[in-house]
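Notes to accompany the following structure.
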Amino acid sequence: MEKEYKSFNEFYVFYLEEHSSPVNKLLHMFGSALGLVCLIMLFKTGLWYFFPIGLVIGYGFAWTGHFIVEKNRPATFKYPLYSFIGDWRMFFDVVTFRIPLKAKEA
């Protein structure tokens with residue numbers, strides 16, 4: 001049975017657990033950054049094909065991190081909106097040093 005999250009903050013704890021590998025986080029960061037570049041190019045040039053390219057790049061890197069590195073299923077399949085928000089929240093948290101790429105050893 002799938003857990004029902006009552007808030008994004010509750011979901012984000014689960015989301016970070018699913019991204020414990022620094023390699024997975026780096027793949028997400030790289031994919032998100034390239035996806036953002038594609039979005040900027042879309043607005044700069046007006047060329048619509050940058051949108052699907054950005055999605056393929058962003059999700060391609062992220063899903064590679066899950067299937068190959070973490071060996072888990074991306075949260076996108078169960079929680080698409082929260083997962084999308086989580087990608088960008090983690091991106092922001094990593095670039096602002098709120099969370100480290102490598103989790104501290106317990």
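The test for being over 16 Å from Leu101 (Cα atoms) and within 16 Å of the chain's Cα centre (by Cα) holds for Asn9. Report yes if Ile40 is surrounded by fewer than 17 Cβ atoms within 10 Å (Cβ to Cβ) and either acidic (Asp, Glu) or in a helix (DSSP H, G or I) (or both), otherwise no. Taking the combined requirement at face value, the residue satisfies it. All of (1) over 24 Å from Leu101 (Cα atoms); (2) touching a residue at least 40 places away in the same chain (Cβ under 8 Å); (3) of a type outside the set (Asp, Glu) hold for Ser21 with one exception: (1). For the range 28-37, state whether one or more residues are farther than 17 Å from Arg89 by Cβ and either more than 13 Å from the chain's Cα centre (by Cα) or of a type in the set (A, V, I, L, M) (or both). Checked the range 28-37: at least one residue is farther than 17 Å from Arg89 by Cβ and either more than 13 Å from the chain's Cα centre (by Cα) or of a type in the set (A, V, I, L, M) (or both).
Of everything in the range 14-37 that is touching a Phe, Trp or Tyr at 6+ places or on another chain (Cβ under 9 Å) and under 22 Å from Lys3 (Cβ atoms), the residue that is surrounded by the most Cβ atoms within 10 Å (Cβ to Cβ) is His28.
Any chance you could count how many residues in the range 48-106 are at positive phi and either in a helix (DSSP H, G or I) or modelled with pLDDT of 95 or more (or both)? Adding up the residues that qualify gives 1.
The values are calculated or read from the model by the stated rules, or taken from the named source; none is laboratory data. Given the structure is predicted, the values throughout are model-derived calculations rather than measurements. Note that each Cβ is placed from the backbone with ideal geometry, even for glycine, and that neighbours are counted across all protein chains shown.
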